[in-house]
Amino acid sequence: MGTRTEPSAQAPDAPAPDAPARRQPPPAPARSAAPRPPLVRELLLVAGLFLVYKSGRLLANDHTGEAFRNARHVWTWERFLHLPDESVVQSLLLRGDGLGDWLVETANTYYAFVHFPATVAFLVWLYLRRPGHYVWARRALALVTAAALVLHLTFPLAPPRMLGEPGLADTGRVYGPTVYGAAPAADTMANQFAAMPSLHFGWALMVAVGLIAATRSRLRWVWLLHPLVTLLVIVGTANHYWLDSLVVTALLGLALAALRWASPATSGAGPARRSLPSERVALAGAGR
């Protein structure tokens with residue numbers, strides 16, 4: 001009999017027995033959960049915070065007597081705590097030779113022109129390349145700056161360069177460049193009695209922390225050189241005390257801890273936003 005055997009029907013989606021498995025496309029790289037904030041709003045916000053800070057600092061300019069009394073107290077506290085004399089660092093800059101002149105002028109330039117541009121460049125880079133890290137970094141800077149402003153108003157402090165202690169000179173005025181006027185009370189650009197805490201060091205430390213958190217390179221720890229150099233510069237030029245840096249370090253630590261604790265409650269509604277994975281990872285120090 002000429003019977004024909006029909007091939008058994010197969011499920012349309014079942015692969016042939018010997019067909020190779022279809023290669024799945026590689027997973028897309030993880031992206032930050034936080035969206036990039038609107039640019040115009042961020043520019044207005046940062047500019048507004050800066051203007052408020054500059055205006056608030058000037059309110060303490062006429063507290064000359066209190067600023068010098070506080071300076072004597074800080075000087076005494078540092079000696080009680082056995083902190084090194086600020087003149088020890090300055091003596092490394094004032095060598096009395098050509099190299100010494102170059103070192104002190106470089107330190108003055110670093111103090112005058114690196115502090116603010118480096119912080120702005122840090123925020124711009126985070127905004128463009130690591131938006132998931134930008135918001136918490138900006139918030140941390142805002143918190144530590146606000147806390148510093150309160151201390152500047154409640155605890156005006158003359159810097160070491162004004163004390164007239166042996167071995168301490170105003171290197172900015174002697175060697176240049178300087179960002180301060182000759183008379184603190186008449187200086188309309190800055191409050192010279194806002195030594196504590198040191199935002200020069202606080203912002204530099206935040207830049208290093210943010211870049212270490214936002215990058216994966218093995219060399220990312222080199223960014224710690226920025227706050228280290230800043231510390232040597234602000235002390236060596238007699239613009240700040242050691243305690244100014246210790247206080248701002250504590251304030252920054254509190255600001256980062258507060259942001260990490262408050263992030264679930266302040267991230268907005270919705271299950272995806274409530275967990276804030278990018279900010280929690282960033283604040284823990286494991287960035288992309």
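What shape does region 202-261 take by its C-alpha gyration tensor, where a ≥ b ≥ c are the square roots of the eigenvalues and a/c under 1.5 counts as rounded, a/b above b/c as prolate, and the rest as oblate? Note, shape of region 202-261 comes out oblate.
Ranked by the mean number of other Cβ atoms within 10 Å per residue, highest first, peptides 202-210, 164-172, 245-253 order as 202-210, 245-253, 164-172.
Charge dipole of region 68-176 (Cα centre as origin; +1 on each Lys and Arg Cβ, -1 on each Asp and Glu Cβ, all else neutral): 620 debye, rounded to the nearest 20. Per the Debye calculation on region 119-227 with a single equal scatterer at every Cα and no solvent contribution, log₁₀ I(q)/I(0) for q = 0.16 Å⁻¹ amounts to -0.87.
Taken along the Cα-to-beta-carbon direction at a fixed 7 Å, the label points for L43 and W125 span 2.2 nm.
All of the numbers you see were taken from the coordinates with simple rules; none came from a lab. Source: prediction; values computed, not measured. Positions of Cβ are generated from backbone atoms using ideal geometry, with glycine treated the same way; all protein chains shown enter the neighbour counts.
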